[in-house]
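Take a look at the structure below.
The values are calculated or read from the model by the stated rules, or taken from the named source; none is laboratory data. Because the structure is predicted, anything quoted here is derived from the model rather than measured. Positions of Cβ are backbone-derived with ideal geometry, glycine not excepted, and every protein chain shown enters the neighbour counts. We work out accessible area using only protein heavy atoms, side chains counted, and drop any ligands, DNA or RNA first. Shrake-Rupley method; radii C 1.70, N 1.55, O 1.52, S 1.80 Å.
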Amino acid sequence: MFRRNLNKISDEDLVEVIVKEKKHEHFGILYDRYSEKVYHKCISFVHDTELAQDLAHDVFIKTFVNLS
């Protein structure tokens, strides 16, 4: 699948592609979909931009490690 086609599939199907086909580079699509939302949720908790960026980064790292 080309990346542009992957942009249109559901999150569940995208995770399946990442896990089953070991296409870890496609995790960036999930990141692009949710990074702003995750960052804004983190900033609402900590009210510090640097800390919110670190927390958002940690969320995505933990998500990637536990995808399966």
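Annotations for the structure displayed:
- Close Cβ contacts (under 8 Å, 6 or more residues apart or on different chains) running from residues in the stretch 13-38 that are farther than 24 Å from Q53 by Cβ to residues that are open to solvent by less than 100 Å² (accessible area, probe 1.4 Å) and of a type in the set (K, R) comprise V17/K23.
- Qualifying residues in the stretch 31-62 (those that are small (G, A, S) and farther than 23 Å from D11 by Cα) - the one least open to solvent (accessible area, probe 1.4 Å): A52
- Any hit, the stretch 38-54, residues being under 10 Å from the mean Cα position of the chain (by Cα) and of a type outside the set (D, E): yes
- Residues satisfying the stated conditions in the stretch 1-30, i.e. among the aromatic types (F, W, Y) and open to solvent by less than 80 Å² (accessible area, probe 1.4 Å): F27
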